[in-house]
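Scroll down for the structure; my scribbles are underneath it.
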Amino acid sequence: MPVIALLNQKGGVGKTTLSVNLATALAQGHKVLLVDGDPQGSALDWSAQRKNESAIGLFPVIGLPKETLHRELAPISLDYEWVIIDGPPGVNKIARSAIVASDFVIIPVQPSPFDIWAAEDVEETIDECASIKPNLLTRFLVNRLFLNTTLGNEVQEELSKRPFATFQTAIRNRQEYAKAARRGMSALETEPHGPAADEIRAWMEEIIVALNESHHISRESLHVAANR
Ligand SMILES: Nc1ncnc2c1ncn2[C@@H]1O[C@H](COP(=O)(O)OP(=O)(O)O)[C@@H](O)[C@H]1O
Ligand SMILES: [Mg+2]
């Protein structure tokens, strides 16, 4: 069961939005656990709204905003094919614990050089964990790219200087994400054939390919996912 954490010490970059959309995409056919690692509990709030919606698939969302997250999650995660951790704001012991718990850390950044520079803190925390997490996968994900624009040269250049790669898929700024979240839903449920659903699925496929290429993750769950 691959464990994926969405981490960035900056608030408002889309950790929760992307976590709930990724978890929902994976839950269409798999056993998924979403872990809220943020003391503010936004993913738990989303889940509470979700319970009011009939005719959509529910999956468990648990709150573990603790520095012992990695230890507490280990036995629970065995029951799931995918585990997604919605990370806390700030560089702290919870963030470190989320890194230790993960196979893949995804750092959402908005497409501005300031946001990319601000991610240095999370890069440092990942570096500090390198000795105990030698096989950790790490990538940037551009979020809230303005509709119908491409990634500016300046942003591309900044990303290329960072120590980790960036997903090819960029998530665009779309009202649909906020609209769906207010009802405890994802864009895959409110508009399953819309452009937001398409880009979340494209990002998910990239995650599966990256994990498949790495040789240290449970093959079985990946095989199931790739053949979905
Ligand atoms: N791709 C997007 N398009 C439009 N709005 C977005 C997008 N990603 C996030 N948002 C909005 O930005 C705000 C912050 O997102 P959130 O996921 O709560 O960030 P974080 O968890 O990193 O603090 C929310 O109001 C959310 O609806
Ligand atoms: Mg959040």
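Each row is one residue, and each column tells you yes or no for (1) surrounded by fewer than 14 Cβ atoms within 10 Å (Cβ to Cβ); (2) within 30 Å of N52 (Cβ to Cβ); (3) of a type in the set (K, R).
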| site | (1), (2), (3) |
| --- | --- |
| G152 | no, no, no |
| E157 | yes, no, no |
| S160 | yes, no, no |
| F164 | no, no, no |
| A178 | yes, yes, no |
| S186 | no, yes, no |
| I200 | no, yes, no |
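When segment 139-186 is filtered for residues that are of a type outside the set (D, E), touching a residue at least 40 places away in the same chain (Cβ under 8 Å), part of a helix (DSSP H, G or I) and more than 16 Å from ligand 2 (Cβ to nearest atom), the ones remaining, listed by number, are V155, L159.
Against the criterion of being closer than 24 Å to Q110 by Cβ, modelled with pLDDT under 95 and either of a type outside the set (F, W, Y) or within 16 Å of ligand 1 (Cβ to nearest atom) (or both), G29 does not qualify. All of V20, V61, V13, V35 fail the test of being more than 22 Å from L137 (Cα to Cα) and within 16 Å of ligand 2 (Cβ to nearest atom), apart from V61. Residues in segment 40-77 that are under 13 Å from S186 (Cα atoms), in a helix (DSSP H, G or I) and not hydrophobic (A, V, I, L, M, F, W, C): 3 in all.
Pairs meeting the criteria (first residue in segment 27-53 and in contact (Cβ under 8 Å) with a residue 40 or more places away in the chain and closer than 16 Å to T17 by Cα, second residue more than 12 Å from ligand 2 (Cβ to nearest atom) and of a type in the set (V, I, T), beta carbons under 6 Å, at least 6 apart or on different chains) are L33/V83; L34/V61; L34/I84; V35/I62; G37/I94; A43/V61; S47/V61.
The values are calculated or read from the model by the stated rules, or taken from the named source; none is laboratory data. Since this is a predicted model, take the numbers as computed values, not measurements. Cβ sites come from the backbone with ideal geometry, for glycine too, and all protein chains shown count toward neighbours.
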